[in-house]
C-alpha cells in the first residue's frame with residue numbers, strides 16, 4: 001500500500017511531503033509511533049485517513065521543531 005504524507009502548515013493548508021510504498025510491518029508500526037523523521041525533519045503524526053478511491057493511506061503531520069510550520073489547530 002502507498003502512504004502519502006501531508007504537512008499541515010501554520011495557515012491550515014496541506015503540503016504533500018512524500019508518497020512511498022509501505023509494507024505491512026511499517027503500517028503496523030503506526031500503532032505505536034507518534035513521530036516520524038523525513039529528510040532530517042521531525043513530524044508528529046496527528047491523524048490518518050484511508051483513501052479507498054486511490055488505494056492510499058494518508059497521514060497528516062505537523063512539524064515538531066519550535067521554529068517550524070504546523071500546529072494542531
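None of the figures in this text is laboratory data; all of them are computed from the coordinates on show. From a predicted model like this one, the values you see are computed outputs, not experimental measurements. Note that each Cβ is placed from the backbone with ideal geometry, even for glycine, and that neighbours are counted across all protein chains shown.
Among the residues of the stretch 17-38, write down those that are in a strand (DSSP E or B) and within 17 Å of residue 50 (Cβ to Cβ). I'd like the intermediate steps shown before the answer.
At the first step, the residues of the stretch 17-38 found to be in a strand (DSSP E or B) are 17-21, 35-38.
Once the filter is applied, which keeps residues that are in a strand (DSSP E or B) and within 17 Å of residue 50 (Cβ to Cβ), the stretch 17-38 yields 19, 20, 21.
Remark: pairs (first residue in the stretch 22-43, without any contact (Cβ under 8 Å) to a residue 60 or more places away in the chain and on the phi > 0 side of the Ramachandran plot; second residue surrounded by 11 or more Cβ atoms within 10 Å (Cβ to Cβ) and assigned to a loop (DSSP other than H, G, I, E, B); Cβ separation under 6 Å; 6+ apart in sequence or on different chains) are absent.
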